[in-house]
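Participant: Below are the structure tokens for one structure; questions will follow.
The values are calculated or read from the model by the stated rules, or taken from the named source; none is laboratory data. Values in this document were obtained by computation on a predicted structure and should not be read as measured data. Every residue, glycine among them, receives a Cβ derived from its backbone with ideal geometry; neighbour counts consider all protein chains shown. The accessibility values were calculated without ligands, DNA or RNA, using every heavy atom of the protein model including side chains. Shrake-Rupley method; radii C 1.70, N 1.55, O 1.52, S 1.80 Å.
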Amino acid sequence: MNRIGISILSLTALGGILLGLTPVQSGQGTIGVGAKEIRPVLDKAVGYLKTTQGQDGSFSPKLAGPGITAVVVAGLLRGGIGADEPVVARGLNYLEGQVKDDGGVYSKGLANYTTSVAAMAFQEANKAGKYDTLLKNAGNFLKGIQKDTDPKNAAFGGFGYDGKKRPDASNTLYAVEALIAAGVPRDDPAIQNALKFISRCQNLPGEFNDQPFAKKAGKDDIGGITYHPFDVDDNPHKTADGGLRSLGGMTYGGLKSFLYAGVARDDPRVVAAVGWIRKHYTLEENPGMGQKGLYYYYHTFGKAMQALGEDNFADAHGKKHDWRRELFDALKSRQQANGSWSNAGDRTFMEENPDLATAFAVLALSYADAGKR
């Protein structure tokens, strides 16, 4: 990532930055948030999570199997909570117990999602190669459920909830991140084919998207990414012109996937996605979905913005945003007195469940930290 230069700082201040205790400084002013400011918010979240963790180390397993537990563990580890801390250690032990003989990490359903987020959690905890074999097997499992159809088929390269369901952008974005976390090379066919599917979800007609809906994209949707490219007439995101609406969480997730997979910043897909984001930059809602999936959006926003590396992000009007500070402020202002987050009435993303919303919020919080690069 690009880094804003540090100059004319005392050795004491520089040491604080290296330890994540103070924000980075630049000619634009203070950038990001330091660990000293983030830690009280994180500690409140940990206090809440300790009250809802099951005796087996899980979080809301009836809702998403091992999925929520994996997001909690990944977020806490990234936030500086050690793997030997009871809340994390118990979570890891639970996740290890959910590993199946085929390499997947799941219970009854959502095998792609839960295996993907578990791989991310294990990668965060993978000291001295402890989880190398587990990660390799998880990567192989994910490859096995990827859609392997005619390359001309819109489903080609995509991932669904499992090997049978139709693919969508969200499942595919998670799978790409998990494959990379599992050590799969960026040029591996599984990752490259997944990028082809994501490209077919992008409102960018031409070389990368041959789907008819992309040619009907309005100027407000160009460059953004929709949930899936199928059944346009019955698609809930259909626009009046017959196209498909671009969505915030999907667009940030697509940008993150392109960058994680090594797609160049001057690639038309990256340029178009960033252009859409500049026009729709916000932390008040999940663009295209309102308040639905807000915490899903926050953590995807953080990952994508860090990968992009623009510390002061300029929107379409030229206004520069210290996105880490704005992300932190949005999270802090929405944290409840008991340390949790929740999204009342959000059944679409299931964020009315405070364990899930808190899991996403904790992970998002780690990307607001200027010391976490």
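Participant: Going by average Cβ density within 10 Å per residue, which order do the peptides 241-249, 325-333, 136-144 take, highest to lowest?
Facilitator: Descending packing order for the listed peptides: 241-249, 136-144, 325-333.
Participant: Next question. Take the chain, connect every pair of alpha-carbon atoms lying under 10 Å apart with a spring to form a Gaussian network, then pick out the residue of GLY75, GLY275, GLY158 with the largest mean-square fluctuation.
Facilitator: GLY275
Participant: Sticking to Cα atoms, compute the Rg of the range 116-259 to one decimal and its Dmax as the biggest Cα-Cα distance, whole number, in Å.
Facilitator: 15.7, 54
Participant: At a Cα cut-off below 15 Å, give the aspartates and glutamates reachable from LYS303, other chains included and same-chain residues fewer than 8 away excluded.
Facilitator: GLU124, GLU177, ASP311, ASP322, GLU326, ASP369
Participant: For the range 78-175, give the percent of accessible area contributed by carbon and sulfur heavy atoms, probe 1.4 Å, rounded to a whole number.
Facilitator: The nonpolar share, carbon plus sulfur, comes to 48 percent.
Participant: Taking R0 as 45 Å, what FRET efficiency do you get between GLU310 and GLN55 from their Cβ-Cβ distance, rounded to the nearest 0.05?
Facilitator: 0.50
Participant: I'd like to check one number: the per residue accessible area of the range 78-124, probe 1.4 Å, reported in Å² as a whole number.
Facilitator: 41 Å²
Participant: Please compute the length gained on full extension between ASP220 and GLU85, using 0.36 nm multiplied by the number of residues separating them and subtracting their Cα-Cα distance.
Facilitator: 44.0 nm is the gain from fully extending ASP220 to GLU85.
Participant: Further, regarding this structure: Tell me, what is the FRET efficiency for LYS165 and ALA344 to the nearest 0.05, using R0 = 41 angstrom and their Cβ-Cβ distance as r?
Facilitator: 0.90
Participant: OK, next. For a bin width of 5 Å, list the pair-distance distribution of the range 171-330 built from all Cα-Cα distances, rounded to whole %.
Facilitator: Binned Cα distances yield the sequence 2, 10, 19, 23, 21, 15, 9, 2, 0.
Participant: Here is a follow-up. If the limit is 32 Å between Cα atoms, which of LYS165/LYS256; LYS127/LYS279; LYS50/LYS279 go over it?
Facilitator: From LYS165/LYS256; LYS127/LYS279; LYS50/LYS279, over 32 Å: LYS127/LYS279; LYS50/LYS279.
Participant: Another one. Helix-only estimate, please: 222 nm mean residue ellipticity of the chain, summing -39500 (n - 2.57) across DSSP H runs of length 4 or more and dividing by its residues, to the nearest 500.
Facilitator: It comes out at -14500 deg cm²/dmol, rounded to the nearest 500.
Participant: May I pose another question? Let's test the formula: R0 of 45 Å, r as the Cβ-Cβ distance of ASP101 and ARG334. What FRET efficiency results, to the nearest 0.05?
Facilitator: 0.65
Participant: Then there's this: In Å², what does the accessible area per residue of the range 181-265 work out to with a 1.4 Å probe?
Facilitator: Dividing the accessible area of the range 181-265 by its residue count gives 41 Å².
Participant: Quick one: what do you get for the range 58-184 if you divide its Cα Rg by 2.2 N^0.38 Å?
Facilitator: Taking N as the residue count of the range 58-184, the ratio is 1.02.
Participant: Give me the percent of the accessible area of the range 261-304 that comes from carbon and sulfur atoms, probe 1.4 Å, all protein chains in place.
Facilitator: Summing carbon and sulfur atoms, their accessible area is 51 percent of the total for the range 261-304.
Participant: If you bin the C-alpha pair distances of the range 184-239 every 5 Å from 0, what whole percents do you get?
Facilitator: 4, 21, 27, 21, 13, 8, 5, 1
Participant: If you find the alpha carbon centre of the range 36-111 and of the range 250-326, how far apart are they in angstrom?
Facilitator: Going from one Cα centre to the other spans 26 Å.
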